[in-house]
Amino acid sequence: STHFDDEVVVSELSGEMSSTKEQGYFAADTRLVSGYRLKLSGEQSILLNGTAVWQHSARFEFTNPTLVGCDGIQVPEHTLHLRLDRSVGPGVHEDYDLTNQGRDDVVLDLEVSIESDFADLFDVKARRRIRRGSIHSLWDEENGRLTTRYTNGAFERSLVLEVANNDSPPEFANGGILFRLSLAPTHSWHCCLWWMPVIDGKERRVSRPCHQLLDADSRHEVARRRWVDQATTFETSNPGVTVALRQAIDDLAGLRLHQHDELAGGEPSKDDPDAWVPAAGIPWFVSLFGRDSLTVSFQTLAVSPRFALGSLRALGTLQADSYDDRRDMQPGKIEHEVRHGELAALHLIPHTPYYGAHETTTLYVLVAAWAWRWHGDREALETVRPHVERALAWIERDGDVDGDGLQEYQTRSPDGYYNQGWKDSGDAIVTSDGSLATLPIALCEHQGLVVAAKRAWADIAQDAFGDRHLAARLRSEANRLAGQIEERFWWEEEGTYYLGLDGEKRPIDSVASNPAHLLWQRVVDPKRAARVVRRLMTEDMWSGWGIRTLSANHVAYDPLSYQRGSVWPHDNAIAVAGFRAYGFDDEATTVAAGIFDATSKFASQRLPELFAGLTRDVGGFPVQYLGANVPQAWSSGAIVHLVATLLGLDADARDGVLRLRPALPEWMSEVTLRQLRVGNVSVDFRIARQKDGRHRVEVLAGGDGLQVELVT
């Protein structure tokens with residue numbers, strides 16, 4: 001797949017697309033191209049190679065089978081070389097270059113057939129082929145433009161195909177654009193085909209030049225490169241980890257949603273180049289997801305401390321101010337997902353935006369507090385402060401359905417999500433007999449997140465705003481809830497915490513990865529931490545590649561499922577952070593090693609959203625989940641989170657301090673960071689593990705006014 005902003009192309013290695021598969025050209029959650037075929041004189045070309053060249057571009061190389069030319073003369077196989085370059089954003093720029101490598105003249109037809117079904121992304125993903133509206137095509141022969149228009153009431157989308165820079169005139173017939181070519185030996189033929197979406201009446205005109213497969217000089221590309229150039233760079237003694245880090249940071253830059261620049265605080269080239277909003281994943285989650293954006297924000301504070309500000313601002317702008325049960329919307333709640341396709345426009349799905357994610361609002365508070373520790377920008381803190389206050393009010397009011405002090409979720413929307421934690425698939429939260437837990441559900445990590453968020457914001461209230469009364473109240477509430485976690489969620493028989501409590505407040509007795517989040521949130525009783533870590537590392541939970549979402553001993557375990565036994569990289573990075581929080585460094589490095597080993601087995605050392613929970617064996621490899629997003633924002637962020645956790649990075653921009661509590665393993669005994677920023681100060685330094693197991697820190701450059709402390 002290739003992508004740019006909210007536009008994605010998913011095709012075969014040959015560049016072809018089929019409407020019966022999850023393929024096509026998507027923009028604004030609509031499949032504008034559902035079928036694509038390329039033929040030479042009626043015959044399918046022979047693919048030599050096809051690959052993504054960059055995040056937004058791909059190249060396909062072809063030759064010909066034996067053909068009968070339009071003059072009746074046979075063209076032997078491998079006489080022709082056809083190259084197709086395809087670049088995305090805005091629109092799609094295709095370059096066709098055909099060269100006659102033979103000794104004789106050839107006369108042939110090149111035909112491009114493109115179909116448009118204008119299916120909503122949700123229908124494509126569900127493999128529902130429903131055409132709700134009408135489709136009409138109009139060929140403008142004079143200008144070489146084919147316009148295909150879809151209408152369903154007030155909802156309209158169009159695709160314009162425009163021929164440009166063509167060495168022979170186009171014809172249109174039977175749904176295909178046809179070119180007649182006459183080529184002497186060594187001569188070449190060129191043509192461009194532009195695919196241009198028309199969204200809400202605005203045509204996204206192709207602006208990329210011919211054959212521009214690498215970065216162009218557009219405003220968006222310049223901003224992306226600027227962010228990568230200014231981001232922290234990592235060099236480690238493990239080449240595989242270094243490559244994975246570079247790939248992750250490139251992917252995070254490429255996932256940027258330019259359509260949310262204004263929500264994030266203005267055009268990056270004019271305002272804050274670091275504050276932008278990442279799409280959640282390619283190809284299915286090319287949108288603003290609250291939970292995902294905030295998760296990436298805390299994962300990447302050490303890469304770009306202001307990166308979080310884009311998500312905080314954009315999500316603050318969309319913070320709910322009223323009740324709408326159809327969208328699970330309540331005052332103060334932070335949105336989960338916003339969509340722009342036909343189903344959303346016609347209110348057939350509630351994503352306009354939809355608010356059915358329970359912990360996102362709490363996560364907003366926590367990320368706002370943690371981001372402040374890294375950026376130290378008082379104005380930015382004041383901007384998010386009212387949103388945090390409204391989020392805290394929601395936690396107390398609607399986050400606690402029955403007023404018992406615990407956080408519970410329950411959908412009110414007829415089209416809403418049954419499960420509203422990060423494990424949000426409909427079958428994710430199950431009891432010991434495999435049945436669905438009844439609503440409302442109080443997940444263990446939702447309680448811990450409130451404790452962590454209130455404690456973090458209490459520090460802000462006291463230190464930044466001088467509000468000791470608010471700080472004391474928040475800490476008191478957090479301590480009370482921490483006590484409830486120990487009393488109501490501890491599972492003595494298994495030595496871990498219950499997954500949650502069901503609608504009858506009965507324990508959900510399933511061993512799962514969720515208690516690892518309690519460790520990361522630092523809410524586990526230290527006397528119990530060792531048992532929780534040990535339980536997570538038992539072989540029914542530990543696959544060898546990572547910690548499973550659900551125990552392999554559970555009746556509902558399915559290693560190939562979405563969230564009932566699969567391995568999620570971001571979940572494992574959180575576990576590593578939790579292990580380190582309680583001093584279990586050996587277990588932390590074991591899990592990190594498993595994830596990095598898995599990363600090395602995937603193409604481009606790019607982690608998918610999730611992979612199967614199958615047990616690792618000699619000669620084995622991680623098995624990707626079919627339909628996983630690649631790249632996916634919080635899987636890319638997990639790579640950074642793992643390294644930052646093993647380094648033990650902790651910033652305090654207000655006091656000008658960077659603390660390091662490293663636990664580097666032998667397989668990554670040295671890490672060099674350059675351009676790491678705390679507030680407005682940039683520093684380069686190296687951390688090395690010595691033979692005796694202790695660590696040495698060396699400041700290489702910068703850091704004026706910043707105190708770098710090694711904590712043991």
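The values are calculated or read from the model by the stated rules, or taken from the named source; none is laboratory data. All of these numbers come straight from a predicted model, not from anything done at the bench. Neighbour counts are summed over all protein chains in view; Cβ atoms, including those assigned to glycine, are modelled from backbone coordinates with ideal geometry. With ligands, DNA and RNA removed, areas are computed over all heavy atoms of the protein, side chains included. Shrake-Rupley method; radii C 1.70, N 1.55, O 1.52, S 1.80 Å.
Model label sites at SER322 and ASP402, defined 7 Å from Cα along the beta-carbon direction, differ in position by 3.1 nm.
Phi-derived couplings, Karplus 6.51 cos²θ - 1.76 cosθ + 1.60 at θ = phi - 60°, listed residue by residue for the range 312-328: 4, 5, 5, 6, x, 4, 8, 4, 5, 10, 7, 9, 8, 4, 4, 10, 6 Hz, with x used for Gly and Pro. For the pair the range 661-696 / the range 471-499, the C-alpha centres are spaced 34 Å from each other. Determine, at each q value in 0.06, 0.10 (inverse angstroms), the log₁₀ of I(q)/I(0) that the Debye formula gives when each Cα of the chain is one equal point scatterer. Calculated log10 I(q)/I(0) at the listed q: -0.38, -0.99. Using only the alpha-carbon atoms of the range 642-700 as identical scatterers, what base-10 log of I(q)/I(0) does the Debye formula give at q = 0.14, 0.28 Å⁻¹? At q = 0.14, 0.28 Å⁻¹ the computed log10 ratios are -0.38, -1.25. The ILE73 and THR538 beta-carbon pair, evaluated with R₀ = 45 Å, returns a calculated FRET efficiency of approximately 0.05. For the range 375-527, the residue among ILE485, GLY500, SER435 whose Cα projects farthest onto the positive side of the dipole built from Cβ charges is ILE485.
Residues LYS505, LYS454, LYS601 ordered from highest to lowest accessible area at a 1.4 Å probe: LYS601, LYS505, LYS454. Given R0 = 60 Å, the distance between the Cβ atoms of GLU141 and SER435 translates into a calculated FRET efficiency of 0.45.
Largest accessible area first, the listed residues GLU141, GLU486 line up as GLU141, GLU486 when surface is computed with a 1.4 Å probe on the assembled protein chains.
Note on the range 536-576: Cα-Cα pairs beyond 15 Å make up 29% of the total pair count. Excluding SER669 itself, calculate the net charge of residues whose Cβ lies under 10 Å from the Cβ of SER669, where each Lys or Arg counts +1 and each Asp or Glu counts -1. Summing Lys and Arg as +1 and Asp and Glu as -1 gives 0.
Remark on TRP545: its backbone amide H falls under 5 Å from those of ARG616, a criterion applied only to residues 5 or more positions apart or on other chains, H modelled at 1.01 Å from N. Residue separation of SER669 and ASP558 scaled by 0.36 nm, minus their Cα-Cα distance, works out to 36.3 nm of gained length. Diffusion coefficient (Stokes-Einstein, Kirkwood radius over C-alpha pairs, 4 °C, 1.567 mPa s) for the range 671-712: 118 µm²/s, rounded to a whole number.
Residues ASP427, ASP400, ASP586 ordered from highest to lowest accessible area at a 1.4 Å probe: ASP586, ASP427, ASP400. Per residue, the chain exposes 38 Å² of accessible surface when a 1.4 Å probe is rolled over the protein heavy atoms with every protein chain present. Going toward the positive end of the dipole of the range 1-47, with +1 on Lys and Arg Cβ and -1 on Asp and Glu Cβ, which of SER41, ALA28, HIS3 do you reach last? Projecting each Cα onto the dipole axis, the largest value belongs to SER41.
Placing +1 on the Cβ of every Lys and Arg and -1 on the Cβ of every Asp and Glu, with nothing else charged, gives the chain a dipole about its Cα centre of roughly 1280 debye. When the Cα centres of the range 612-654 and the range 1-66 are compared, how far apart do they sit, in Å? Using only Cα atoms, the two centres lie 29 Å from each other.
Rounded to the nearest whole Hz, the Karplus-based 3J(HN,Hα) values (6.51 cos²θ - 1.76 cosθ + 1.60, θ = phi - 60°) of the range 59-67 follow the sequence 10, 10, 10, 10, 9, 9, x, 5, 10, with x at glycine and proline. The 3J(HN,Hα) values that the Karplus relation (6.51, -1.76, 1.60; θ = phi - 60°) gives for the range 71-77 are, in residue order, 8, x, 8, 6, 10, x, 4 Hz. Gly and Pro appear as x. In angstrom, the C-alpha Rg and Dmax of the range 296-412 are 14.9, 43.
Atom-type composition of the exposed protein surface of the chain places 46 percent of the accessible area on carbon and sulfur (1.4 angstrom probe).
Excluding VAL708 itself, what net charge comes from residues whose Cβ is under 10 Å from its Cβ, given Lys and Arg +1 and Asp and Glu -1? Taking every Cβ under 10 Å from that of VAL708, the sum is -1.
Take GLU492: with every protein chain present and a 1.4 Å probe, its accessible area is about 100 Å².
Positive contributions from Lys and Arg (+1) and negative ones from Asp and Glu (-1), summed over other residues with Cβ under 12 Å from the Cβ of THR360, come out at -4.
Full extension of the chain segment joining ASP415 with ARG226 gains 63.9 nm, where the gain is 0.36 nm per residue of separation less the Cα-Cα distance.
When the alpha carbon coordinates of the range 43-192 are projected onto the principal axes, the ranges are 56, 35, 25 Å, largest first. At an R0 of 56 angstrom, the distance between the Cβ atoms of VAL657 and HIS211 translates into a FRET efficiency of 0.65. Here the dipole of the range 12-149 is about 820 debye; that uses its Cα centre as origin and unit charges on the Cβ of Lys and Arg (positive) and Asp and Glu (negative).
At the listed q of 0.24 Å⁻¹, the Debye profile of the range 383-477, built from one uniform point per Cα, gives log10 I(q)/I(0) equal to -1.25. Enclosing the Cα atoms of the range 1-97 in their convex hull gives a volume equal to 94 cubic angstrom per residue.
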